[in-house]
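Everything below concerns the one structure shown next.
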Amino acid sequence: MDERGFEANHLNEPGGLESIENSDYLGEDLKDFYDKFREDVDALSWTSTGEKQDLLDFYQNNFDLIRVIIRKGYIGDQLLNKIVKMAQYEDFDSEKPFDNNFANLGREWIYTLEHSIEEQWDKGKIAPFHLLSAYSELVKHGNIQMTEAGLEGLLAHTDLIEQYLVEQKNEKFIEFARIIILNADDYDRQAFAHILKDVLGKKPDGKFSPAIISLFYESPLFEREGQNLVQEFLEKRGLQFEEVYPAWMVSTTPEPAKSFLSAGDQRGVLPFSKVIEYNLNVIREVEKEKPGTCKWLMDEWGIKDFGRYPSELLLMQNLRQDDSARPYGIAIYPRSDWNGAFYSSTLGLKTLMKDVKSEFNIRVAECENKVDIVRLLRKFNKKYNHPETGIGQKISLFILGGHGTEDSITFGRPFKRTGVLKIEDIDRLIAEESKGYFEENPTFMLASCSTGADGGIGEKISKHYNAKVFAPKIPSALVNIFAGRTRGGKWRFHADYTANAKRIFKQGNPVMK
């Protein structure tokens, strides 16, 4: 019996494994081994370094037991699932960087057991997802031989990937398709691209179609085909490719232009394939619910980067387009965005929607420059502020996005004068006029880096508009927006930023450093 309380030596004696391997019966000792392995893999994240080494030595010495269990029907399938999990493990306690011994052992087992795994697959004893996950781990993290074997395994089962994409059973099969597009040679990629187009032909409005179309942007080989698919998708929903697509091109930095960025900045850029996927997903959801909504949002409020916003928010904005009875807030985001940061705004807006429920309207718009900001504020005020009827509303919350510095917010191309709102612009006549668009003591949230610095543009806005202003003091992202009511029924709002960067100003005075 080893120090873990498991006695397995007699299974390795002559005839011990063979008698079990040649039957459908899983002996008690082997079952105990299997149960222990599952527990150990699940507990790796909180296992000490010393214990990990003991476990590693133990499992390296008992590979024969692993091989036998793989051939044991359902329990073999579950074991494969745990081996894949083991192969995905990242050991942050490792003394050497990237020396993830457990993950390496898991991949070695998959590579060594490939023939047995395929045998069990042929017998219907291995689940499709576990099979393809095992091959994917070899491609993503294995050595050259493992990568080749994993890729061959995926290519041998493209029929499975196609089946699950058509049936829309498991969105994780998109990742298997992505691995082929990224790693196969040109011949195999071209063949697989035809499979993906067949899936789109069978399910043109399927929930996986945006993700599948985005795969064509994972390789320059298919970019033109990807554009054609996007054009078909948009025009089917009443949107012109020439109007919408150029906006997406400037809402992140596409791959060819990344060479102009520093290595650090390149890592922070949202891939253009994700821009495609996010936008098509939201367009699909909105248009399925109410056709024509996206065209209205674009024509009325300049929205083209639909993927930045929750679909339920965009639908509500259209549904309540003439509603002046409820109080409301606005969010204005820039057309230009070098790293795609504003596609993360969805999370904060979802939190806000959950808090306000149906009692408060949230309206979004997009701008290309500071002149657009002025135009949009006037438009919101004209449409929803009707003091003569007694049911009009002023703006109580203003979320403003743009890439920032201490004393500026950029909405468009920074080399254009109108593309940048500077701190000195706040005191000009139009800022004085716009005071009348907001309720008394409104709340501003700046989704703009470093605008919360002392003496910066956030503090200036707070003083000029007699407002409560949330802004980050360093480069940071607005991640959560919360809402609640005072005892008197007045809406109150709160924001959180990454990196503990939040600053709060009230009427120009800092209340949170």
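Please treat every number below as a calculation from the coordinates, not as lab data. All values derive from a computational prediction rather than experimental measurement. Neighbour counts are summed over all protein chains in view; Cβ atoms, including those assigned to glycine, are modelled from backbone coordinates with ideal geometry.
Worth a mention:
- Virtual spin-label span in nm between LYS169 and LYS123, 7 Å along Cα→Cβ: 2.1 nm
- The chain: antiparallel DSSP beta bridges as a percent of all, rounded to 5: 50 percent
- Relative packing of 370-379, 482-491, which averages over residues the other C-beta atoms within 10 Å, highest first: 370-379, 482-491
- Distribution of pairwise C-alpha distances over segment 219-266, 10 Å bins, in %: 23, 43, 26, 8
- Partner lysines for LYS31 [C-alpha distance under 20 Å; skip if fewer than 8 residues away on the same chain]: LYS72, LYS82, LYS85, LYS125
- Förster radius 22 Å - calculated FRET efficiency between ASN480 and HIS386, Cβ distance, rounded to 0.05: 0.10
- Three-way shape label, segment 303-512, alpha-carbon gyration tensor, a/c 1.5: rounded
- Stretching LYS236 away from ASP198 to a fully extended chain increases their span by 11.9 nm, per 0.36 nm per residue minus the current alpha-carbon distance.
- Segment 303-512 - charge dipole about Cα centre, Lys and Arg +1 at Cβ, Asp and Glu -1, debye rounded to 20: 240 debye
- Near SER251, once Lys and Arg are set to +1 and Asp and Glu to -1 for all other residues with Cβ below 12 Å from its Cβ, the sum equals 0.
- Between LYS288 and TRP46, the simple spin-label model (points 7 angstrom out along Cα→Cβ) gives 3.8 nm.
- About its Cα centre, segment 177-235 has a charge dipole of approximately 240 debye under the convention of +1 per Lys or Arg Cβ and -1 per Asp or Glu Cβ, with nothing else charged.
- Farthest positive-ward along the chain dipole, Cα basis, beta-carbon charges - from THR389, ILE457, LEU160: THR389
- Nearest-ten-degree value, helix 345-356 long axis tilted from longest Cα axis of the chain: 70 degrees
- Nearest-ten-degree value, helix 28-42 long axis tilted from longest Cα axis of the chain: 30 degrees
- ASN228 paired with LEU182, simple spin-label distance in nm, labels 7 Å along Cα-to-beta-carbon: 2.6 nm
- Radius 14 Å from Cβ of ILE126, net charge of other residues (Lys, Arg +1; Asp, Glu -1): 0
- On the basis of the beta-carbon distance and an R0 of 35 Å, LEU155 and SER259 show a calculated FRET efficiency of 0.65.
- Residue-averaged 222 nm ellipticity for the chain, from DSSP H runs of 4+ at -39500 (n - 2.57), nearest 500: -15000 deg cm²/dmol
- For the chain, with +1 on Lys and Arg beta carbons and -1 on Asp and Glu, the positive-most of ILE174, THR253, GLY412 along the dipole: GLY412
- Label selected from (1) 1.07; (2) 1.00; (3) 1.10, the criterion being Rg/Rh (Cα atoms, Kirkwood Rh) as computed here: (1)
- Least to most buried among LEU352, LEU182 (fewest other Cβ within 10 Å first): LEU182, LEU352
- For segment 263-281 versus segment 102-174, the spacing of their alpha-carbon centroids is 27 Å.
- For LYS379, neighbours were defined as the other residues whose beta-carbon sits under 12 Å from its Cβ, and their charges (Lys and Arg +1, Asp and Glu -1) total +3.
- Under 20 Å from LYS295, Cα to Cα: lysines that are on another chain or at least 8 residues apart: LYS236, LYS304, LYS379, LYS383
- Counting only Cβ charges, +1 for Lys and Arg and -1 for Asp and Glu, the dipole size of the chain around its Cα centre is about 3960 debye.
- Over 31 Å between alpha carbons, listed pairs LYS288/LYS350; LYS357/LYS506; LYS350/LYS370; LYS290/LYS350; LYS203/LYS370; LYS350/LYS473: LYS203/LYS370
- With a Förster radius of 60 Å applied to the beta-carbon distance between ASP64 and ARG417, the computed FRET efficiency rounds to 0.25.
- For segment 365-371, 3J(HN,Hα) per residue [Karplus equation, 6.51 cos²θ - 1.76 cosθ + 1.60, θ = phi - 60°, Hz, x = Gly/Pro]: 8, 10, 10, 10, 6, 6, 5
- Between 0 and 90°, nearest 10: helix 128-141 axis offset from the chain longest Cα axis: 80 degrees
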